[in-house]
Amino acid sequence: MKISFITSTRADFGLLKNLILEVKKNKRFKVSVIASGTHFSKKFGKTFKEIEKNKIRINQRIVFKSIPDTEIGISKIFGKCVEKTTNILKKNYPDLLIVLGDRYEILASVISANILKIPVAHIHGGELTFGAIDDAFRHSITKMSHVHFTANPIYRKRVIQLGENPKNVHVVGGLGIDSLKKTKLLSKKELEKKFNFKFKKKNFIVCFHPETSSKISPKKQISEVLSAFKKLEDTLIIFTMPGADLGNYIINKEIKKFVKTNKDSFFYKSLGQKNYFSLLGQVDAIIGNSSSGILEMPYFQKATINLGTRQLGRLSSKSIINVGIKKKEIEKSLKKISSPGFKKIIKKSKKYYGKEGAPLRILKVLKNLNTQNLFQKRFFNI
């Protein structure tokens, strides 16, 4: 069976990596990898190098001169994604295209596959993120997919609610857990040496992306976040670059201005998965609206301060504090995470995204999958 994977960001590759490696090991599958989106952008850290570092060959590349930050620009890129992916898939014609998540580049590839009558397997469907336009993209991808790998029984139920046949909807857990468990984490001293900073009394990693469905401007959003940090003392703040969403340019600009005038704060385009997970294990909390604060941070038994509505709708452990993108609410939550009572809550928090082994559970389904009559499907009525 010929299987194609498509990855468009550092985030989705971090989740797909172990699955790609497991499928490649099996002789019944011929695997190809398509890299697109921000992977080849200098602005976003040329993250295609992370793919190659893991000894995964990039078979086809979809490269754009620049990654847009306007509605018109993204619409144009979307159209080009459909065209370029269609050309690649028509030439390669896999028996199955495997995709993950909810990015517009992934939606474009799924449209291409459907035009060519290529079945699609979708990972991490059925989830909700009210504060991002990706929420609609994710459900659209679900409707154009033929096999579904969800992270939780509640998400499986939601995919079935969308009319998908239960026999093709599988609960496998979150792929990020395997990435975390299989990564040999760096120690505090190793991180200090590598990044040339010193951990302080308090340490935070900040991953803040534009809230794309909000009417509040990205500048106002990030200004509220940064103003909450100004009174902090003896604190290390590590900022990661936001994803390629509308408003990312403004957020980057404001963070860089903050870093220039505030010592013990640092900004990185792309940390790489090993460094990122290692830092999550050492800091006191992750602050922002990244899915990793919901999916992975609870497994470190550390706090997440989840800002705004971008991740609202996902199943959340009690180690996650949901607050608005407002200075006073963020300041209040920074005090809360240090309290002995909250630290006890973190230790007992339920983890919703399963145990390691998701890649092997997906592989088991793929081994028994007959793709010949998979493309044509009917709406499943509950």
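None of the figures in this text is laboratory data; all of them are computed from the coordinates on show. Remember, predicted model here, so these are calculated numbers, not experimental data. All Cβ positions, glycine included, derive from the backbone under ideal geometry; neighbour counts span all protein chains shown.
Ranked by how many other Cβ atoms sit within 10 Å of their own Cβ, fewest first, the residues Asp234, Asp178 fall in the order Asp234, Asp178. Each residue of region 122-139 was assigned a 3J(HN,Hα) from its phi angle through the Karplus curve 6.51 cos²θ - 1.76 cosθ + 1.60 (θ = phi - 60°); the sequence is 10, 10, 6, x, x, 8, 10, 9, 4, x, 9, 5, 4, 4, 5, 4, 4, 5 Hz, with glycine and proline shown as x. Summed over qualifying helices (DSSP H, 4 residues or more, each -39500 (n - 2.57)) and divided by its residue number, the chain shows a 222 nm mean residue ellipticity of -12500 deg cm²/dmol.
For region 108-190, please report how many Lys pairs fall under 21 Å Cα to Cα, leaving out neighbours fewer than 8 apart on the same chain. Walk me through the numbers before you get to the answer.
Values: Lys117/Lys143; Lys117/Lys167; Lys143/Lys157; Lys143/Lys167; Lys157/Lys167; Lys181/Lys189.
So the count works out to 6.
Note on Thr70, Thr309: ascending count of other Cβ atoms within 10 Å places them as Thr70, Thr309, the fewest first. Short version: ³J(HN,Hα) in whole Hz for each residue of region 338-346, in order, from phi by Karplus 6.51 cos²θ - 1.76 cosθ + 1.60 (θ = phi - 60°), x for Gly and Pro, what are they? In residue order, the calculated couplings are 8, 6, x, x, 6, 5, 5, 4, 4 Hz. In plain terms, the chain from Phe78 to Ile216 could stretch by 47.2 nm, reckoned as 0.36 nm per residue minus the Cα-Cα distance. When the Kirkwood radius is taken over all Cα pairs of region 268-322, what Stokes-Einstein diffusion coefficient follows at 4 °C and 1.567 mPa s, in µm²/s? The estimated diffusion coefficient comes to 114 µm²/s. The calculated FRET efficiency for the pair Lys198 and Ile133, based on their C-beta separation and a Förster distance of 30 Å, comes to about 0.15.
Between the amide H of Phe267 and those of Phe239, distances stay under 5 Å, these residues lying 5 or more places away or on another chain, with hydrogens modeled in the peptide plane. Amide H to amide H distances under 5 Å link Gly131 with Arg310, Gln311, Leu312, where only residues 5 or more positions off or on other chains count and H is placed in the peptide plane. Tell me which of Leu97, Pro298, Ile321 sits at the most positive position along the dipole axis of the chain, charges placed on C-beta atoms (Lys, Arg +1; Asp, Glu -1). Among Leu97, Pro298, Ile321, the one farthest towards the positive end of the dipole of the chain is Pro298.
Among Leu236, Leu97, which comes first, second and so on when ranked by fewest other beta-carbon atoms within 10 Å? Spell out each step's value before the answer.
Numbers: Leu236 23, Leu97 28.
In increasing order of surrounding Cβ atoms, one gets Leu236, Leu97.
Answer rounded, prolate or oblate for region 316-382, using the Cα gyration tensor with square roots of eigenvalues a ≥ b ≥ c: rounded when a/c is under 1.5, else prolate when a/b is larger than b/c, else oblate. Prolate, since a/c reaches 1.5 and a/b exceeds b/c.
Projecting label points 7 angstrom from Cα along Cα→Cβ for Ile154 and Leu363 puts them 3.0 nm apart.
In percent, how large is the relative contact order of the chain, given Cα pairs closer than 8 Å and 6 or more residues apart? It would help to have the intermediate numbers written out before the result.
Working: 723 pairs, mean separation 65.2, N = 382.
Answer for the chain is 17 percent.
Under a model in which nothing but the beta-carbon of Lys, Arg (+1) and Asp, Glu (-1) is charged, region 42-196 shows a dipole of about 740 debye around its Cα centre.
Each 20 Å bin, from zero up to the one with the longest distance, holds this percent of the alpha carbon pairs of the chain: 29, 59, 12, 0. Backbone amide hydrogens, once placed in the peptide plane, bring Ile123 within less than 5 Å of Val99, Leu100, Gly101, Phe149, excluding anything fewer than 5 places away on its chain. Computed across region 188-348, the Kirkwood radius stands at 15.8 Å (inverse of mean 1/r, all Cα pairs). Taking θ as phi - 60° and the Karplus parameters 6.51, -1.76 and 1.60, the scalar couplings of region 374-381 work out to 7, 5, 6, 9, 10, 5, 8, 8 Hz in sequence order, x denoting glycine and proline.
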